[in-house]
Amino acid sequence: MNFELKNLPERTGKPRKTGLAMVMDKGLSVREAEDLVSVADQYIDIIKLGFGTAYVTPHLENKLAVYRSAGIPVYFGGTLMECFIIRNQFEDYLRLMDKFKIDYVEVSDGSIDLPHEEKCKYINKLSKSKTVLSEVGSKDELKIIPPYKWIELMKTELEAGAWKVIAEAREGGNVGIYRGTGEVRSGLVEEILWQIPGENILWEAPAKAQQVWFIKLAGANVNLGNISPAEILPLETLRLGLRGDTLLHFLNPPA
Amino acid sequence: MNFELKNLPERTGKPRKTGLAMVMDKGLSVREAEDLVSVADQYIDIIKLGFGTAYVTPHLENKLAVYRSAGIPVYFGGTLMECFIIRNQFEDYLRLMDKFKIDYVEVSDGSIDLPHEEKCKYINKLSKSKTVLSEVGSKDELKIIPPYKWIELMKTELEAGAWKVIAEAREGGNVGIYRGTGEVRSGLVEEILWQIPGENILWEAPAKAQQVWFIKLAGANVNLGNISPAEILPLETLRLGLRGDTLLHFLNPPA
Amino acid sequence: MNFELKNLPERTGKPRKTGLAMVMDKGLSVREAEDLVSVADQYIDIIKLGFGTAYVTPHLENKLAVYRSAGIPVYFGGTLMECFIIRNQFEDYLRLMDKFKIDYVEVSDGSIDLPHEEKCKYINKLSKSKTVLSEVGSKDELKIIPPYKWIELMKTELEAGAWKVIAEAREGGNVGIYRGTGEVRSGLVEEILWQIPGENILWEAPAKAQQVWFIKLAGANVNLGNISPAEILPLETLRLGLRGDTLLHFLNPPA
């Protein structure tokens with residue numbers, strides 16, 4: 001840090017168990033990836049190559065090397081695995097991850113119909129050799145999942161071997177745990193947190209208002225995902241109470 | 001491509017006749033332009049220097065050289081030519097294009113009143129030595145053009161020598177073929193496509209929902225424009241069904 | 001400029017007294033800062049390191065060196081000083097500015113309660129050795145300040161030694177001089193301008209529609225702030241009438 005300020009909220013450091021930030025890279029160049037780690041390597045815990053961008057990104061090996069040398073694990077968007085599963089190409093997906101030395105994997109069913117038992121089998125199988133993030137929630141705004149079901153799905157997926165469960169929001173932050181307007185379904189989130197330890201959940205929260213809401217609810221070290229590269233430093237200031245939105249929230253009046 | 005996936009939609013390659021993407025550069029630095037072509041040279045068919053940015057951009061020659069060496073043609077935003085026309089400086093505009101070795105030109109009347117016959121004369125004259133894109137639609141949200149008129153204007157401009165007609169949307173995607181909310185005027189688009197071959201039209205579609213709408217209507221190889229540099233790889237995944245929005249749309253169930 | 005166009009509005013050059021642009025840097029890398037000045041050093045008059053990002057930005061000295069060598073003064077977001085004041089660490093803030101050779105300072109009370117007399121004392125004290133920008137307006141959308149009060153606050157702060165007063169809008173452009181929708185509180189702005197010379201005010205105007213509104217009201221050389229790095233060249237085209245929004249506004253019909 002560049003200077004001293006009293007009474008800042010305690011913030012976890014890397015390697016973090018809580019207070020994780022997952023950034024979505026949806027097509028950075030190698031040099032842009034270098035720029036990102038040059039300012040944010042201490043604030044980014046995991047990077048997702050959004051949806052199927054890994055397929056169309058040139059110089060992918062070089063970009064992965066940049067993230068690897070910064071000590072940041074990378075995984076492919078869950079949609080990519082769905083693309084392989086629905087084509088009966090799961091074995092190819094395993095080879096693909098081996099080829100690119102990918103140790104983290106997202107298992108989701110946001111775009112395809114996948115019986116939950118089968119999803120849990122994938123989670124379980126992959127968890128033997130990878131760190132698994134499983135995602136709950138549909139990308140289809142019309143598929144409303146009631147709270148008890150969210151909880152049941154999350155519990156089962158954690159039991160199946162998921163390291164974290166991701167609460168779906170898309171890049172737009174307008175489905176899953178959010179209404180179409182981007183507003184948090186606060187009752188849903190609170191019910192989930194009553195049943196599942198927050199440290200096991202990674203909340204997708206692309207919009208600032210969403211990040212603020214979660215930080216106020218669950219503290220500086222809430223796990224947040226789908227952060228855009230340009231917003232990772234601003235997010236860090238929200239966590240530390242160094243931005244108007246959370247300045248007073250965190251402040252212990254000096255003695 | 002970085003790996004194999006079965007049953008992807010067929011995608012045209014460069015040099016493309018259909019499935020074009022036009023990117024709007026509204027002020028990239030030389031190095032940012034290098035970054036862009038390093039990830040997207042195979043997905044970008046044309047670059048527009050948005051509105052009058054060519055006037056205020058330093059190191060313009062160097063940036064043009066980056067795009068030229070990547071084999072991507074560049075043209076100045078139509079608004080710039082309107083700025084010259086309304087000042088009776090059209091001859092200066094010709095010299096300007098010569099000076100910067102610009103072979104593509106947009107002829108538009110989105111911001112000035114230009115009798116259609118005169119617009120077509122410009123198209124015709126320029127088409128002798130340049131590749132002309134002519135734009136139909138006003139930037140003024142209050143100027144509603146009825147469908148039969150869109151069709152008539154487009155037809156006449158193609159006959160006058162335009163290589164493609166561009167359907168106006170602005171950078172904001174909220175006029176022309178879209179409502180103020182960004183929603184597609186779907187009846188208008190369908191009427192246009194009933195009369196004019198889609199391959200002759202470049203649809204401005206800056207927002208993801210607009211891109212998805214056109215891809216679902218007209219396929220992976222629809223011509224789309226006003227794509228922001230950061231969205232060109234995500235657009236490619238939409239075209240290929242590698243993102244939730246189009247994953248099922250394109251899928252042929254494996255045999 | 002890359003070519004000649006007749007009848008453009010007169011635009012001030014650096015060092016500017018009016019027509020200032022303040023850019024908000026909320027976490028650029030050193031190389032991204034280099035990119036920014038390579039295209040926009042002539043159009044950026046001041047750079048603000050947004051809110052508390054100065055605390056969490058690595059290689060801060062190097063980034064400041066980039067801006068310094070481009071001749072662009074930098075200041076820390078007013079929220080950062082508020083963080084120091086509310087902790088009784090104002091002396092530390094002075095040392096911090098000395099350490100990083102920061103000669104401009106923003107004094108604000110957007111997030112904390114600060115008696116106005118005390119705020120003016122800070123302005124006065126700091127104005128002895130720094131160039132002071134003081135900000136009027138709350139970041140809290142519920143705190144509506146009536147026009148007469150805006151005017152009184154601005155006048156007093158200018159008298160206390162502020163070089164410019166900033167009219168608050170946040171990064172989102174949705175509080176202070178704007179409604180929650182981003183629409184300008186036009187009556188408020190006009191009342192302010194009736195009492196305070198426009199050259200003493202820096203209007204935060206992050207959204208294009210807001211920039212257009214102020215340019216149409218007060219001309220090409222209105223002072224505007226909270227411009228994002230990617231929007232500084234587009235803003236310059238708005239000031240010059242080289243974009244549809246202001247093309248006709250500025251045009252003197254050729255003789």
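The values are calculated or read from the model by the stated rules, or taken from the named source; none is laboratory data. Please read all numbers here as calculations on a predicted model, not as lab measurements. We place every Cβ from the backbone using ideal geometry, glycine too, and count neighbours over all the protein chains shown. The area values use the complete protein model at the heavy-atom level, side chains included, leaving out ligands, DNA and RNA. Shrake-Rupley method; radii C 1.70, N 1.55, O 1.52, S 1.80 Å.
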Single condition A:Met1 does not satisfy, out of (1) surrounded by 15 or more Cβ atoms within 10 Å (Cβ to Cβ); (2) at pLDDT below 95: (1)
Residues (over 17 Å from C:Trp163 (Cα atoms) and part of a helix (DSSP H, G or I)) located in the range C:114-130: C:His116, C:Glu117, C:Glu118
Strands (runs of 3 or more DSSP E) completely within the range A:10-113 that count 3 or more residues being over 21 Å from A:Thr237 (Cβ atoms) and at pLDDT 95 or above: A:74-76, A:104-107
Qualifying positions in the range B:91-103 - open to solvent by 10 Å² or more (accessible area, probe 1.4 Å) and either among the acidic types (Asp, Glu) or in contact with a helix residue (DSSP H, G or I) (Cβ under 6 Å, 6 or more places away or on another chain) (or both): B:Glu91, B:Asp92, B:Asp98, B:Asp103
Pick from the range A:222-255, criterion open to solvent by 40 Å² or more (accessible area, probe 1.4 Å) and not in a helix (DSSP H, G or I), ranking: nearest to the other protein chains (Cβ to nearest Cβ): A:Pro254
Condition broken by A:Ala169, with the remaining ones in (1) farther than 17 Å from A:Ala205 by Cα; (2) under 16 Å from the mean Cα position of the chain (by Cα) satisfied: (1)
Lone unmet requirement of (1) over 15 Å from the mean Cα position of the chain (by Cα); (2) open to solvent by 10 Å² or more (accessible area, probe 1.4 Å); (3) more than 18 Å from B:Gly52 (Cα to Cα) for C:Gly198: (1)
Residue that is farthest from A:Asn226 (Cα to Cα), among those in the range A:185-205 that are in contact with a strand residue (DSSP E or B) (Cβ under 9 Å, 6 or more places away or on another chain) and in a loop (DSSP other than H, G, I, E, B): A:Ile196
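Table: residues versus (1) buried (at least 16 other Cβ atoms within 10 Å of the Cβ); (2) within 14 Å of chain B (Cβ to nearest Cβ); (3) touching a Pro at 6+ places or on another chain (Cβ under 7 Å).
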position: A:Glu82; (1), (2), (3): yes, yes, no
position: A:Val105; (1), (2), (3): yes, no, no
position: A:Gly110; (1), (2), (3): yes, yes, no
position: A:Tyr122; (1), (2), (3): yes, no, no
position: A:Leu126; (1), (2), (3): yes, no, no
position: A:Ser138; (1), (2), (3): yes, yes, no
position: A:Leu153; (1), (2), (3): yes, no, no
position: A:Arg170; (1), (2), (3): yes, yes, no
position: A:Gly173; (1), (2), (3): yes, yes, yes
Of all residues in the range B:26-45 being more than 10 Å from chain C (Cβ to nearest Cβ) and in contact with a His (Cβ under 8 Å, 6 or more places away or on another chain), the one that is most open to solvent (accessible area, probe 1.4 Å): B:Ser38
One residue from A:Gly50, A:Gly19 being in contact (Cβ under 8 Å) with a residue 60 or more places away in the chain and more than 27 Å from A:Leu242 (Cβ to Cβ): A:Gly50
The range B:155-168, residues that are open to solvent by less than 80 Å² (accessible area, probe 1.4 Å) and in contact with a strand residue (DSSP E or B) (Cβ under 8 Å, 6 or more places away or on another chain): B:Glu157, B:Leu158, B:Ala160, B:Gly161, B:Ala162, B:Lys164, B:Val165, B:Ile166, B:Ala167, B:Glu168
Residue identified as buried (at least 23 other Cβ atoms within 10 Å of the Cβ) and more than 11 Å from chain C (Cβ to nearest Cβ) among B:Lys48, B:Lys63: B:Lys48
Boolean, B:Gly182 is assigned to a loop (DSSP other than H, G, I, E, B) and surrounded by 22 or more Cβ atoms within 10 Å (Cβ to Cβ): no
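Table: residues versus (1) without any contact (Cβ under 8 Å) to a residue 60 or more places away in the chain; (2) within 21 Å of A:Leu36 (Cβ to Cβ); (3) under 13 Å from the mean Cα position of the chain (by Cα).
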{"site": "A:Glu191", "(1), (2), (3)": "yes, no, no"}
{"site": "A:Lys208", "(1), (2), (3)": "yes, yes, no"}
{"site": "A:Leu217", "(1), (2), (3)": "yes, no, no"}
{"site": "A:Asn223", "(1), (2), (3)": "no, yes, yes"}
Where C:Lys130 falls short, out of the listed (1) in contact with a strand residue (DSSP E or B) (Cβ under 9 Å, 6 or more places away or on another chain); (2) under 17 Å from A:Leu242 (Cα atoms): (2)
Meets criteria (out of contact with any Leu (no Cβ under 8 Å at 6 or more places or on another chain), part of a loop (DSSP other than H, G, I, E, B) and under 17 Å from C:Thr12 (Cβ atoms)) for C:Val175: no
